[in-house]
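Data block below; observations after.
The values are calculated or read from the model by the stated rules, or taken from the named source; none is laboratory data. Being a predicted model, the structure only gives us computed values, none of them experimental. In this analysis, Cβ positions are derived from the backbone assuming ideal geometry, glycine residues included, and neighbour counts consider all displayed protein chains. Heads up: the accessible areas ignore ligands, DNA and RNA and are worked out on the full protein's heavy atoms, side chains in. Shrake-Rupley method; radii C 1.70, N 1.55, O 1.52, S 1.80 Å.
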Amino acid sequence: MSAIDQHVKTTPVDPDEARRVRLRKLERTGSWLLPLIIMIAAIALWDRICVWNGIPQYILPRPGVVLTTMIEDAGLLFSSLLVTLRITLLSLALAVIGGVGLSVLFTQSRFIEMSLFPFAIVLQVTPIVAIFPLINIYVDDQTTKLLLCAWIVAFFPILSNTTLGLNSVDRNLIDYFKLNGASRWQTLWHLRLPAAMPYFLGGLKIAGGLALIGAVVAEFVAGTAGQSSGLASRIIEAGYRLNAPRLFAALILISLTGIIIFLLLSWISHLALHRWHESALKQEQ
């Protein structure tokens, strides 16, 4: 046995450090185990409520029936899911391009921000169901209608958060860049954009869920007129036919899609921030 091994074995373990290590392991395990246990318990309770009360399938189907329906109707449901997902991702991409681009313009010119930011607020506070009839009149292509509705919902969080991040840079650092002769665009690229990254990623996680919500709401409005083929149209169709198992299956697919989008964006945020930003560093300690 080497001297190093003997030293490691004879060195007493700090009780506080050992407790912190056990606590971190427990938190990592609990972060996925506790939600899984609660979800299983909720599904079991759902099933028992249906059995104990003799609830008809067309009112509240049992979880097993919903799962069977999801498998049997997989072709119909997942083809509609792809339509909704395509609208969601395209609107999110356009929201990122438009939100970040407009935020940069706001940072470079205070007059542009004062002129255009109120219009962004108007789009945010106006319900999409009130805007869709106008979009339906002025836009002919059905995909463009849905895409525009989802983009309106997802656009503002990215614009607002990114603008806040770009304007929250330490003034001492800005003065330091000026003293070293940095141009406005050099300051933007090397200082403002990196500093705004956590704000942008926070807005992106919000916008991801809102893009899905906007796509589904727009499909609901369009689906009532028979103009949609997304998951919302499957929900409307199942509601008319009292096909509750398919309705629940479509709702579960929408929820799972939203969860996956959030987890994916959270993972991207972690990859971008975990080496340098305090919010991500704290999560690893």
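To keep it simple, each residue is scored yes or no on (1) touching a Gly at 6+ places or on another chain (Cβ under 8 Å); (2) among the polar types (S, T, N, Q); (3) open to solvent by 50 Å² or more (accessible area, probe 1.4 Å).
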site: 179; (1), (2), (3): no, no, yes
site: 184; (1), (2), (3): no, no, yes
site: 190; (1), (2), (3): no, no, yes
site: 195; (1), (2), (3): yes, no, no
site: 218; (1), (2), (3): no, no, no
site: 238; (1), (2), (3): no, no, no
site: 243; (1), (2), (3): no, yes, no
site: 250; (1), (2), (3): no, no, no
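Working carefully through the options 228, 183, 160, find the one that is over 24 Å from residue 90 (Cα atoms), hydroxyl-bearing (Ser, Thr, Tyr) and at pLDDT below 95.
Working: 228 fails: over 24 Å from residue 90 (Cα atoms); 160 fails: over 24 Å from residue 90 (Cα atoms).
So the residue among 228, 183, 160 that is over 24 Å from residue 90 (Cα atoms), hydroxyl-bearing (Ser, Thr, Tyr) and at pLDDT below 95 is 183.
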Give just the number: which of (1) out of contact with any Cys (no Cβ under 9 Å at 6 or more places or on another chain); (2) crowded, with 17+ Cβ neighbours inside 10 Å; (3) of a type in the set (Val, Ile, Thr) does residue 122 not satisfy?
(2)
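Has segment 166-186 got any residue that is of a type outside the set (S, T, N, Q) and either within 20 Å of the chain's Cα centre (by Cα) or not assigned by TED's automatic domain parsing to the domain that holds residue 254 (or both)? Give the derivation first.
Going through segment 166-186, the residues of a type outside the set (S, T, N, Q) turn out to be 166, 169-171, 173-179, 181-182, 184-185.
Restricting the remaining residues to those that are either within 20 Å of the chain's Cα centre (by Cα) or not assigned by TED's automatic domain parsing to the domain that holds residue 254 (or both) gives none.
No, segment 166-186 has no match at all.
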When segment 51-78 is checked residue by residue, the ones that are among the aliphatic types (A, V, I, L, M) and assigned to a helix (DSSP H, G or I) are 51, 65, 66, 67, 70, 71, 74, 76, 77
Residue pairs within 9 Å by beta carbon, gap of at least six or interchain, first lying in segment 50-66 and modelled with pLDDT under 95 and open to solvent by 50 Å² or more (accessible area, probe 1.4 Å), second assigned to a loop (DSSP other than H, G, I, E, B) and among the polar types (S, T, N, Q), listed first then second, are 58/243
Using the structure shown, decide if residue 129 is touching a residue at least 12 places away in the same chain (Cβ under 8 Å), in the same structural domain as residue 199 (by TED's automatic domain parsing), part of a helix (DSSP H, G or I) and out of contact with any Phe, Trp or Tyr (no Cβ under 7 Å at 6 or more places or on another chain).
yes
Within segment 133-165, tally of residues that are more than 24 Å from the chain's Cα centre (by Cα) and either acidic (Asp, Glu) or open to solvent by less than 10 Å² (accessible area, probe 1.4 Å) (or both):
2
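Results for (1) assigned to a helix (DSSP H, G or I); (2) in contact with a strand residue (DSSP E or B) (Cβ under 9 Å, 6 or more places away or on another chain); (3) touching a residue at least 12 places away in the same chain (Cβ under 8 Å), shown as yes or no for each residue.
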{"residue": "101", "(1), (2), (3)": "yes, no, no"}
{"residue": "114", "(1), (2), (3)": "yes, no, no"}
{"residue": "137", "(1), (2), (3)": "yes, no, no"}
{"residue": "150", "(1), (2), (3)": "yes, no, yes"}
{"residue": "158", "(1), (2), (3)": "yes, no, yes"}
{"residue": "168", "(1), (2), (3)": "no, no, yes"}
{"residue": "177", "(1), (2), (3)": "yes, no, yes"}
{"residue": "188", "(1), (2), (3)": "yes, no, yes"}
Checklist (1) more than 19 Å from residue 239 (Cβ to Cβ); (2) outside the structural domain of residue 238 (by TED's automatic domain parsing); (3) among the hydrophobic types (A, V, I, L, M, F, W, C) applied to residue 74, failing item:
(2)
How many residues are modelled with pLDDT under 75 and not charged (D, E, K, R) if we restrict to segment 1-49?
11
